[in-house]
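The values are calculated or read from the model by the stated rules, or taken from the named source; none is laboratory data. Worth saying up front: this structure is predicted, and the values here are computed from it rather than measured. Here the Cβ positions follow ideal geometry from the backbone for every residue, glycine too, while neighbour counts run over all protein chains shown.
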Ligand code: PHE
Ligand code: NA
């Protein structure tokens, strides 16, 4: 059976943007920015997106488009070595791991969406009891498991329908809806009293971050940049493997990074004015991703049109999360389809059943959830991206240059060699450095 491809270039870009834009943008990004020096953090983050994120994205694209295979087959075929194929299996594990916790969070959000529509903002702040923590307090137990299964079911439905009729069509509908709704909410938020205090909380420029705390924010900024661009899991390899003709990868990669950052900033322009307009000062009530929900639920419940606004907001979060979770499920599914000729539908059912179990474990056990969502995923993505970069730099070499330049103009061609050097040498060193700093080794 012929392998599927994207119907259009825009379809590919939107699918990749859909993967990138997610809870990372809406949940983590505004808070990390506000907590780590505002626009000073933003500058460091943007530099990392440009210097590490985009080249890394292009490395995954080059592997995928060159091989037209998902990570296992891609690394094996391009290298001619089974050992590299085994490295690719790591992606399959990463995809399953990511989806196991992400689907639980997706479940919380789905619950917020459903409850905000039915009752007058029935969202219960108690779900997120420990706002100070990394991924927020955890709503655990049977409810969480049930909503996780619901969210996973939606994810599986999209992937079940295939690359064109599922992922491409789905993200083509979801991403414009996200941007339009979020833009509308941002405009509305700007009209609220005291909105300016929200903006300045979000983006005030704290220069001390760039001098004293620079190394302290480098780790979080790098971790955020990888997670937000969906790097290191093999999702972007898989998506690029469905490209058939050679178009400019640097253009597509840059467009994806820009749109992804735009959505993150736009979310900040919704969340913070809204909180401040309701007299909720996140600096006092405690920040952290959990507070996004605690604080927002509080704000929504005070608003006259709270139900409508809350529904719009949680619809945005649900769509953003869903367009990311499908890209996680697609990794193990594509693996089964490519390597074992298993029919897509059966692969989705099989992998869906597996994640139903692993996600349920996360839903019941906050300690496991926290470990998976934090250190485990961080380590997997960093190590995964390092492996892809080294592969492109040292195994593909000329082939990678060839793939990078096909479909680009002369400006793009001039970037190819510096890109390969960055990918093979500079960025892996940078990743090792940030990995060590995340584990508390004082690399500075
Ligand atoms: N980029 C997604 C987000 O920001 C998360 C993700 C990571 C998706 C890795 C796929 C692979 O929410
Ligand atoms: Na993102």
Hey, does the range 71-87 have a residue that's over 30 Å from residue 140 (Cα atoms) and within 16 Å of ligand 2 (Cβ to nearest atom)?
-> no
Where residues in the range 10-36 are within 18 Å of residue 247 (Cβ to Cβ) and out of contact with any helix residue (DSSP H, G or I) (no Cβ under 6 Å at 6 or more places or on another chain), which of them is nearest to ligand 1 (Cβ to nearest atom)?
-> 12
Verdict on residue 310 being surrounded by fewer than 24 Cβ atoms within 10 Å (Cβ to Cβ), in a helix (DSSP H, G or I) and at pLDDT 80 or above | no
Where in the range 184-281 are there helices (runs of 4 or more DSSP H), lying fully within it, with 3 or more residues that are within 16 Å of ligand 1 (Cβ to nearest atom)?
-> 214-228, 235-240, 249-277
Residue 92, sole failed condition from (1) crowded, with 24+ Cβ neighbours inside 10 Å; (2) over 27 Å from residue 426 (Cβ atoms) = (1)
Only residues in the range 9-27 that are free of Cβ contacts under 8 Å to residues at least 60 places away in the same chain and within 12 Å of residue 325 (Cα to Cα) count as the first member; pair them with residues that are assigned to a helix (DSSP H, G or I) and within 8 Å of ligand 2 (Cβ to nearest atom), Cβ under 6 angstrom, at least 6 apart or cross-chain, and list the lot.
-> none
Would you mind finding the one in 70, 100 that is closer than 26 Å to residue 249 by Cα and crowded, with 24+ Cβ neighbours inside 10 Å?
-> 70
Requiring at least 3 residues that are within 24 Å of the chain's Cα centre (by Cα), the helices (runs of 4 or more DSSP H) wholly within the range 322-441 are 344-364, 366-371, 377-390, 427-438
Which residues, taken from the range 1-40, are assigned to a helix (DSSP H, G or I) and near ligand 2 (Cβ under 10 Å from one of its atoms)?
-> 17, 18, 19, 20, 23, 24, 25, 26, 27, 28, 29
Please work out if residue 42 is more than 15 Å from ligand 1 (Cβ to nearest atom), under 16 Å from residue 222 (Cβ atoms) and buried (at least 21 other Cβ atoms within 10 Å of the Cβ).
-> yes
